[in-house]
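To start, the structure itself, in structure tokens.
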Amino acid sequence: GRERDTEPPDALEPAMPQLRRAIVELLRAAAGASGTAARTRAAPPLRRAAPRPQVGRPGARFDEWSALHDIDGAAATRLLNEEDISAQAFFADTAAFEARAQNEAAELLAPEGEAPPEVHGPWQHFERHTPEGFIVYCRAPKAGGPVEIILDTSELAKDSESGFADVPACKVSPDHGILAYVVDLVGDESYELRMKSLGASGGDWSVRLPGVKNVAFLGGGDERTGIDILAVHADAQTHRACRIEHHRLARHGKIGEPTILWDEKNEAAYLEVFNTKDQEYVLLSSNTKDTSEVRAVRCSGASSTSASSVAGGFSSSGGSSSSTSGARRNPASLGVSAPRVEQHLILAPREGVEYFVEHQAGFFYVISNHERPDFLVYRLPEESAFLGDGRWQHLQPFFRPPGGMHVTDADVLSKWLVLYGHDAAEPRVCVVPLDAASFSDGDAVDQQQGSYLAAVPSAVGSVEPGVNADPDATSIRFTFRSPLEAGATYHLDLASGSVELVRRREWSASGGPGPDAFECERLEFPARDGELVPLTLVRPKKDGSGGFPRPCLLHVYGAYGSCLVPDFRPEHIVLLRQGWVIAFAHVRGGGERGRAWHAAGRQLNKAQSVLDLVDAMRFLLARGIAAPGGLCAKAASAGGLTLGAVLNSPEASALLAGAVLEVPFVDLLTGMSDPSLPLTVHEFAEWGDPREPEHEANLRSLCPYENVGSHRYPRLYLSCARVDSRVPPWMPLKLAARIRARSPSYLDGPLSAPRTGGVRHRRSSAAVASAGGAGSAAEAPVSELPCVLLHCADGGHSGAADWHGRSQEFARQIAFLHKAIGLPTR
């Protein structure tokens, strides 16, 4: 519960008048400019959305904080400065506590060393990590020899003004002599393609292509005469991968003009390219949230084919116009022969059908959900694909994954097919021999002879496939991670099914309890409609008393059909050692139980994600897992919508002592009404299109920013990133401002002096005792003001690239969580 308190204000109070003054003056300016008074109103009761038949247009509604959309403008700059001062005051007495948390996290694991090497042709490739956490890509001859550093991302970060470097694509040419990599040096997902020569002639190329998100080698050529690549170019404003071009590049620069192979006009679709594992083809794909189209381009030097060309042009999904002519605009200017690039349509796009493709030994292996929502495996002979008609009847059913396995990735080797995915939130690795295929009446083989599910270390965690670049390999590598496993790499012998540990990231022998002191388990809780929802728990092992309620941090996501992965995070171990429970609610809208689970929490069903989260909170409290007054919640990005909607319910938010929302997507209605923003059109399939009245009403009813109430919110920690291209920083900034302005009495009283009173939580004795037992409520008073803290980082959506920046942020969050429930932070 919460009670009034007349004790002197804490160290936070002196910073508050300036922030309150900024809120009041900006609010008055907005109201005066519009002629509309900002109203304080309560949030609607938490329930399923009931769309209204008549709704107003989003553009016509009054938004008193719309001036903050200009993040570099005077209003946003002033408010961000005051928020920063307020946050500094809040954390003024936690510096030592945060430093201890950072040091504990830094010393948690033994030094990482080198990752196990992956064989790629005559080379072994592996990674090293700098003390700051940057990746160093290395290789050494398989037969033995000196190590060559092919790319050091820390050096890229040093050369950037921001100190940031993210390399999402790093690829070596077929002859192993050239490296192509894509780098973002700001954090706003504005990428650039760079090239360098490897080996004795190593060195950076002069050519750079801005706006490129991915690249694939077509093979052939060298650094002098030029090498052919396919590059995915992004739109400068929306960052949408919208165009694939064929370039010939040499060390001294471009050769000739590029040819546009695919110009995707459908604003909901993103383009991608990658080489097949056998290096026979480059696959070009266009994907919306629920529809796919794939084309194939044969690599230079691959076996010839009599396939017919599709150079006459065809439409891609969404009516895109594409150039499929292989002729360059001015071949005479190249100085070398310009190869003709022909595209072959694998399968024509079908609305609502997703598929992806690999190639091996004359067959395209197609993994599609047109007959099974969680994907089946088919084969398509090359000669059928090269007919150019994209007809689905050419598919040959090959394998049905076991049980409810949802397939997310695949390795296709010369003799083996390896499928990766999950079933009811548990990781799965399924192995299928390619030489044991049998077909029966056109139906997919339910139990392929010799297929099996490989053993994984635990039902709780995630499996990350290795590079597994050798198409003739008889074994694969994968890495398993869990809340208590920082990373264990395994060798899977495909013929025998034996799994052997190659390397494990070990916990340090000193510094606190090790992994054996904690337990990780998967439970299910009943939602209000009777559905059983998975819940992952990580907590200290029960003692002889059978355990007792503890402080608890509950994570939620529930969007895009993506699983909320209970991964290893150093900050979780710090909290576990202090007596906390870490929980993950796998609510509907995620992908833990496949496509049906996603569909049950998307678009007009999105309210179900919110209701599942509330039911998870009640379950943790009712079962005595979370201590009353000790339950906090955390969400990031799209998960912020779900948690934000819960916070707007007076009844549901009263169950929480605090909440952390990292770069949260909280102004759903404004974001989905502006097609100029990155991802908006692409995500109509996830959230709904506000141009349709039913969807507009649903978006309005769920939008955290639209439904801010006047009730007392739990303590909130919001973060935003100044160059975030996915969640604009004005979204969390506006939410913080509106919550403050609508809080009871926040705008009342003089603006030149701090208030003389505050409000604090009455801590649960169980929460205090289980988190160390020391102290009392008087030792760590929890002030009412501000009920919201906002931290604005200089980077992008993914956060800091280095360990220091990441550890600073999570140490700050740990301090906030302790303050939120009244635990000592000194």
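The values are calculated or read from the model by the stated rules, or taken from the named source; none is laboratory data. Computed from a predicted structure; not experimentally measured. When we count neighbours, we look across all protein chains shown, and the Cβ atoms used for this are built from the backbone with ideal geometry, even at glycine. Surface areas here come from the heavy atoms of the whole protein model, side chains and all, with no ligands, DNA or RNA. Shrake-Rupley method; radii C 1.70, N 1.55, O 1.52, S 1.80 Å.
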If R0 = 51 Å, then Ile260 and Ala99, at their Cβ-Cβ distance, give a FRET efficiency to the nearest 0.05 of 0.40
Descending packing, highest mean Cβ count within 10 Å first, for 624-636, 499-511, 353-365 is 624-636, 353-365, 499-511
Straight-line reach check, Lys158, cutoff 20 Å on alpha carbons, 8 or more apart in-chain or any other chain, hits among lysines -> Lys196
Quick calc, Ser496 & Asn81: beta-carbon distance into FRET formula, R0 60 Å, rounding 0.05, result 0.40
Whole-Å distance linking the alpha carbon centroid of segment 83-106 with that of segment 644-665 is 23
With all protein chains present, segment 203-270 has a carbon and sulfur share of its accessible area (1.4 Å probe) in percent of 46
Rounded to the nearest Å, the spacing of the alpha-carbon centers of segment 674-699 and segment 560-600 is 26
Place a point 7 Å from the Cα of Asp794 in the direction of its beta carbon; the residues of segment 168-200 whose amide N falls under 19 Å from it are 184-190
So, relative contact order of segment 500-623 in percent, Cα under 8 Å, 6 or more apart, is 25
For Lys819, the aspartates and glutamates lying under 14 Å Cα to Cα, once residues fewer than eight places off in the same chain are dropped, come out as Asp10, Asp93, Glu98, Glu779, Glu784
Of the listed pairs Lys213/Lys277; Lys541/Lys634; Lys213/Lys254, those with alpha carbons more than 25 Å apart are none
Charge dipole of segment 371-434 built from unit charges on the beta carbon (Lys, Arg +1; Asp, Glu -1), centred at mean Cα; most positive-end Cα among Ala410, Cys430, Pro373 is Cys430
Out of Ala157, Pro174, Cys138 - ranked by how far each Cα lies towards the positive end of the dipole of segment 115-185, with unit charges on the beta-carbon of charged residues - the top one is Pro174
Measuring from its Cα centre, segment 117-178 shows a charge dipole (+1 at each Lys and Arg Cβ, -1 at each Asp and Glu Cβ) which, in debye to the nearest 20, is 280
Filtered hits (aspartates and glutamates, Cα-Cα < 15 Å from Lys542, offset >= 8 within chain) -> Asp516, Glu519, Glu521
Taking Cα pairs closer than 8 Å and at least 6 residues apart, the relative contact order of segment 361-509 in percent is 15
Going residue by residue through segment 62-69, the Karplus relation 6.51 cos²θ - 1.76 cosθ + 1.60 with θ = phi - 60° gives ³J(HN,Hα) values, rounded to whole Hz and with x marking Gly or Pro, of 8, 10, 5, 10, 5, 4, 6, 4
Segment 216-300: relative contact order from alpha carbon pairs under 8 Å, six or more residues apart, as a whole percent, is 24
Computed about the Cα centre, the charge dipole of segment 628-720 from +1 Lys/Arg and -1 Asp/Glu charges at the Cβ has a magnitude in debye, to the nearest 20, of 520
Going residue by residue through segment 817-826, the Karplus relation 6.51 cos²θ - 1.76 cosθ + 1.60 with θ = phi - 60° gives ³J(HN,Hα) values, rounded to whole Hz and with x marking Gly or Pro, of 4, 5, 5, 4, 9, x, 8, x, 10, 9
